[in-house]
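Colleague: Got a structure for you, questions after.
The values are calculated or read from the model by the stated rules, or taken from the named source; none is laboratory data. None of these values were measured; they are calculated from a predicted model. As a convention, Cβ positions derive from the backbone with ideal geometry for all residues, glycine included, and neighbour counts pool all protein chains shown.
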Amino acid sequence: MIKVVLDTNVVISGTFWTGKSFKILEMATGGDITMVISKPIIEEYDRKIHSDEIVEKTDLNDKARRRAVHRIIQSSVVVEPSRHFEIVEDDPDDDKFIDCAVEGKADYIVSQDKHLFVLEEIKGIQILKPGEFLDEFGLKD
């Protein structure tokens, strides 16, 4: 099974809006691909989904937001990275996605973050935008 690490922006976009990120999140929660996450990524998802910016743009109550985070966790393989990489110079906080992908032996990192996708590939893991990832599977949004 294909293993993938989804950047926070992909998960947030897929949780609240339709489109490419939604399709990828549906693939993950539906068991078509395996989503790999770590505690630092879960904490970032939770923080972002409850941020003022997202709360203002969406109409989900707090209970629904907690369920959304729980759904992500339940649909994922949780890993505890044993190594920390310092690769993303312009945004070191994004290194957690690389740490997770390497530990979880992911095939892809899917991101809309320019700091990650400019790397294109790291340690044999392809870094793709959502549309590029869907193209790999012959899917369109």
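Colleague: Can you find even one residue in segment 83-106 that is in a loop (DSSP other than H, G, I, E, B), modelled with pLDDT of 95 or more, more than 14 Å from Pro40 (Cβ to Cβ) and touching a helix residue (DSSP H, G or I) at 6+ places or on another chain (Cβ under 8 Å)?
Modeller: Checked segment 83-106: at least one residue is in a loop (DSSP other than H, G, I, E, B), modelled with pLDDT of 95 or more, more than 14 Å from Pro40 (Cβ to Cβ) and touching a helix residue (DSSP H, G or I) at 6+ places or on another chain (Cβ under 8 Å).
Colleague: Just to verify a result, which residue in segment 117-132, among those that are farther than 17 Å from Ile12 by Cα and assigned to a helix (DSSP H, G or I), is nearest to the chain's Cα centre (by Cα)?
Modeller: Once the filter is applied, the top-ranked residue is Phe117.
Colleague: Could you tell me whether Ile42 is farther than 21 Å from Gly19 by Cβ and either in a helix (DSSP H, G or I) or charged (D, E, K, R) (or both)?
Modeller: yes
Colleague: Taking Val110, is it in contact with a strand residue (DSSP E or B) (Cβ under 8 Å, 6 or more places away or on another chain), of a type in the set (A, V, I, L, M, F, W, C) and crowded, with 17+ Cβ neighbours inside 10 Å?
Modeller: Here the answer is yes, as Val110 does meet what is asked.
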